[in-house]
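Worksheet: one structure, shown below.
The values are calculated or read from the model by the stated rules, or taken from the named source; none is laboratory data. Note that the structure is a prediction, hence the values are computed from the model and not measured. For neighbour counting, all protein chains shown are included, and Cβ atoms are generated from backbone atoms with ideal geometry for every residue, glycine included.
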Amino acid sequence: MLIVQVFVRVKPECVEAFRSATIENARNSVQEPGIARFDVIQQADDSTRFVLVEVYRTAEAPAEHKATAHYAAWRDRVAEMMAEPRSSIKYANIFPDDDCGW
């Protein structure tokens, strides 16, 4: 498992449009065989801040995800909504492991 947290800050006037576009992308993303989870969370005390929590089944799955039409559409649609460049941190899963039913 590979977990990626993507940190996003959007322009205040773009919050609802970003939410809509990102939920659409997430709905398509969870249909990909290489994605175990794709969570979209919004910061409680700052509605312009989001975290995308992407859980991939293999090391190759992130590249496969980025090659999809729905990812490209999302990337292009939200590009001008960003208040700053998005950033990400990659994590290795240590618990639960693959034997726990993930």
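How many of the residues making up segment 16-43 are surrounded by 16 or more Cβ atoms within 10 Å (Cβ to Cβ) and out of contact with any Phe, Trp or Tyr (no Cβ under 9 Å at 6 or more places or on another chain)?
Residues in segment 16-43 being surrounded by 16 or more Cβ atoms within 10 Å (Cβ to Cβ) and out of contact with any Phe, Trp or Tyr (no Cβ under 9 Å at 6 or more places or on another chain): 1 in total.
Would you be able to say whether some residue in segment 65-76 is touching a residue at least 12 places away in the same chain (Cβ under 8 Å) and over 25 Å from Cys14 (Cα atoms)? Break it down into steps so the answer makes sense when it comes.
Initial filter on segment 65-76 (touching a residue at least 12 places away in the same chain (Cβ under 8 Å)): 65, 68, 70-71, 73-74.
Okay, now just the ones that are also over 25 Å from Cys14 (Cα atoms), so none.
Looking through segment 65-76, none of the residues is touching a residue at least 12 places away in the same chain (Cβ under 8 Å) and over 25 Å from Cys14 (Cα atoms).
Restricting the search to segment 52-73, which residues are small (Gly, Ala, Ser) and either buried (at least 16 other Cβ atoms within 10 Å of the Cβ) or in contact with a helix residue (DSSP H, G or I) (Cβ under 7 Å, 6 or more places away or on another chain) (or both)? Talk me through it step by step, then tell me what you get.
Within segment 52-73, the first condition is being small (Gly, Ala, Ser), and the residues that meet it are 59, 61, 63, 67, 69, 72-73.
Across segment 52-73, the qualifying residue is only Ala61.
Which count do you get for residues in segment 74-102 that are at pLDDT below 95, surrounded by 10 or more Cβ atoms within 10 Å (Cβ to Cβ) and either on the phi > 0 side of the Ramachandran plot or not aromatic (Phe, Trp, Tyr) (or both)?
Initial filter on segment 74-102 (at pLDDT below 95): 92-102.
Checking which are surrounded by 10 or more Cβ atoms within 10 Å (Cβ to Cβ) leaves us with 93, 96-97, 102.
Narrowing further to those that are either on the phi > 0 side of the Ramachandran plot or not aromatic (Phe, Trp, Tyr) (or both): 93, 96-97.
Of the residues in that region, 3 qualify.
Restricting to segment 1-12, count the residues that are in contact with a helix residue (DSSP H, G or I) (Cβ under 9 Å, 6 or more places away or on another chain), outside any strand (DSSP E or B) and at pLDDT 95 or above. Write out each step before concluding.
Taking segment 1-12 as the starting set, the residues that turn out to be in contact with a helix residue (DSSP H, G or I) (Cβ under 9 Å, 6 or more places away or on another chain) are 1-2, 4, 8, 10-11.
With outside any strand (DSSP E or B) added as a condition, the list becomes 1, 11.
Narrowing further to those that are at pLDDT 95 or above: 11.
Of the residues in segment 1-12, 1 are in contact with a helix residue (DSSP H, G or I) (Cβ under 9 Å, 6 or more places away or on another chain), outside any strand (DSSP E or B) and at pLDDT 95 or above.
Taking interchain pairs and intrachain pairs at least six residues apart, which have beta carbon atoms under 6 angstrom, with the first residue in segment 1-17 and within 13 Å of Gln42 (Cα to Cα) and the second assigned to a helix (DSSP H, G or I)?
Val10/Phe18; Val10/Met81
Within segment 56-83, can you find the residues that are among the charged types (D, E, K, R) and more than 12 Å from Thr22 (Cβ to Cβ)? Give the steps one after another, and end with the answer.
Taking segment 56-83 as the starting set, the residues that turn out to be among the charged types (D, E, K, R) are 57, 60, 64, 66, 75-77, 80.
Once the filter is applied, which keeps residues that are among the charged types (D, E, K, R) and more than 12 Å from Thr22 (Cβ to Cβ), segment 56-83 yields Arg57, Glu60, Glu64, Lys66, Asp76, Glu80.
Among the residues that make up segment 33-50, is at least one of them under 26 Å from Pro96 (Cβ atoms) and assigned to a loop (DSSP other than H, G, I, E, B)?
Checked segment 33-50: at least one residue is under 26 Å from Pro96 (Cβ atoms) and assigned to a loop (DSSP other than H, G, I, E, B).
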